[in-house]
Amino acid sequence: MSARRVGLARAVIAAGAKLQSLALLVMRPDDLIEFSRQAYAGPLVVQDWGRPDLVAEGLYPNEEALLARCPVRSGRVLVLDVGGGREAIPLARQGFEVTGVDFVPEMVSLAVSNAAAQGVALDGLVQEISQLDVPPGLYDLVWISSRMYSSVPTRARRVAMLERVRGALRPGGCFVAMFDWDPTQRATWRGVALRRFVALATLGHVGYEPGDKLLHNAEFIHTFGDERALREEFEAGGLNVLHLDLPEGGHGGAVLQKPASAAAAQPAKESEQ
């Protein structure tokens, strides 16, 4: 059934621009993830993410700034959506013990080989990040860059992922997450109602939220635009917000922390920005 829905979505995209916005709505969350996985699994895409010049770029300035906000300075790191290893390799160079996760096996293999070529160790896991399955309390830091937190469809699934991340972290450990952010986006009630009707009529993406889209008709992305809703989502996953980076548009970022104890499991006051 999943393959049929993904195939139907691709047929809708091929039908023309007027119907392309409907492709998102005929797919369920698992289908949307598979749709994105297929895009990233293409041999040329894998090769592009593992390009030596891209991997050599290391952490970008906004990522460096988020890392500086994070109180974790050593230990084990889990890098979600590791790609070719651009972020994982510099973290390993800083002394972290790094494991990279990706839902494309070829990406994981490429990241491991790229790290070895750079003289650092990197373990790899083939998993879909919203279904993260790792030993509890093993990691000091979980990391996701390139707005890929937004790649998980529906708030419920993202909150469930946050709970899995919280379980993977030691008490006091941190989750550094980047997401797609645009506070200027607008949605009309008619447009939202129409999309939800189509989703219900096709038994497809019934969890549709304003901000959901198929970026370049290749991958699912949810664009956030409401700071309060974003904070509530993070806190619903049991993580405290230490810092939010909310630019005018583009990649937003957050430093989240697992409470050090059950008694401390309440929203923390954000540090100065």
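Quick check on residue 137: is it free of Cβ contacts under 8 Å to residues at least 24 places away in the same chain, loosely packed, with under 15 Cβ neighbours inside 10 Å, more than 18 Å from the chain's Cα centre (by Cα) and at positive phi? So residue 137 does not fit the description; no. Among the residues of the range 177-194, at least one is within 12 Å of the chain's Cα centre (by Cα), charged (D, E, K, R) and closer than 20 Å to residue 79 by Cβ.
Against the list (1) without any contact (Cβ under 8 Å) to a residue 40 or more places away in the chain; (2) assigned by TED's automatic domain parsing to the domain that holds residue 76, the condition residue 156 fails is (1).
Within the set 35, 96, 103, the sole residue that is assigned by TED's automatic domain parsing to the domain that holds residue 23 and either surrounded by 15 or more Cβ atoms within 10 Å (Cβ to Cβ) or out of contact with any strand residue (DSSP E or B) (no Cβ under 6 Å at 6 or more places or on another chain) (or both) turns out to be 35.
Scanning the range 214-226 for residues that are of a type outside the set (S, T, N, Q) and surrounded by 18 or more Cβ atoms within 10 Å (Cβ to Cβ) turns up 214, 219, 220, 221, 222, 224, 225. Residues that are under 22 Å from residue 40 (Cβ atoms), loosely packed, with under 15 Cβ neighbours inside 10 Å and not charged (D, E, K, R) do not occur anywhere in the range 60-67.
From the list 88, 23, which residue is surrounded by 21 or more Cβ atoms within 10 Å (Cβ to Cβ), in the same structural domain as residue 209 (by TED's automatic domain parsing) and of a type outside the set (Asp, Glu)? Spell out the reasoning first.
On the way: 88 fails: in the same structural domain as residue 209 (by TED's automatic domain parsing).
Among 88, 23, only 23 is surrounded by 21 or more Cβ atoms within 10 Å (Cβ to Cβ), in the same structural domain as residue 209 (by TED's automatic domain parsing) and of a type outside the set (Asp, Glu).
Take residue 64 and tell me if it is modelled with pLDDT of 95 or more and assigned to a helix (DSSP H, G or I). Outline the logic, then answer.
On the way: modelled with pLDDT of 95 or more: yes; assigned to a helix (DSSP H, G or I): yes.
Yes.
Residues of the range 113-131 that are surrounded by fewer than 19 Cβ atoms within 10 Å (Cβ to Cβ) and either farther than 27 Å from residue 156 by Cβ or hydroxyl-bearing (Ser, Thr, Tyr) (or both): 113, 116, 117, 118, 119, 121, 123.
Among the listed residues 193, 229, identify the single one that is without any contact (Cβ under 8 Å) to a residue 12 or more places away in the chain, under 26 Å from residue 261 (Cα atoms) and either surrounded by 19 or more Cβ atoms within 10 Å (Cβ to Cβ) or among the hydrophobic types (A, V, I, L, M, F, W, C) (or both).
Numbers: 193 fails: under 26 Å from residue 261 (Cα atoms).
Criteria check complete, one pass: 229.
If I filter the range 144-161 for residues that are buried (at least 23 other Cβ atoms within 10 Å of the Cβ) and touching a Lys or Arg at 6+ places or on another chain (Cβ under 6 Å), do I get at least one hit? Yes, the range 144-161 contains a residue that is buried (at least 23 other Cβ atoms within 10 Å of the Cβ) and touching a Lys or Arg at 6+ places or on another chain (Cβ under 6 Å).
The values are calculated or read from the model by the stated rules, or taken from the named source; none is laboratory data. A quick note: this is a predicted structure, and the numbers were derived from the prediction, not measured. In this analysis, Cβ positions are derived from the backbone assuming ideal geometry, glycine residues included, and neighbour counts consider all displayed protein chains.
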